[in-house]
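The values are calculated or read from the model by the stated rules, or taken from the named source; none is laboratory data. Just so it is clear, the model here is predicted, and its values are computed rather than measured. Every residue, glycine among them, receives a Cβ derived from its backbone with ideal geometry; neighbour counts consider all protein chains shown.
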Amino acid sequence: MNRAPNNKCRLMTIFALTWVTAGMAAEVFPPPNEVGVVAGIGAAHAAEIAREKTGGRVLAVRALADDEPRTYAVRLLVNPGLVRTVVVNNDSGRLR
């Protein structure tokens, strides 16, 4: 009589252990915003917001270091020959 567990049983065991381990890791390592990292959007998200609101093509994004809260200047090609710069707030995502 073969007492070795079948493949289905092995897969179920591996799945269960992986699922339990992932749940424990989520409790031990909380997301960055829960451990004191400043919340806000990144440069890529700022570019996406500016593109959606203006309909232009993103040419460049740079952080404005002297502003508080941090903001991003996004240069967009709005129409052929028309370049527009918008400033995106890091906290709210609003344009100014």
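Do you know which residues across the range 43-96 are outside any strand (DSSP E or B), touching a Leu at 6+ places or on another chain (Cβ under 8 Å) and modelled with pLDDT under 90?
Matches in the range 43-96: ARG70 only.
In the range 59-96, how many residues are over 22 Å from the mean Cα position of the chain (by Cα) and at positive phi?
Matching residues across the range 59-96 total 1.
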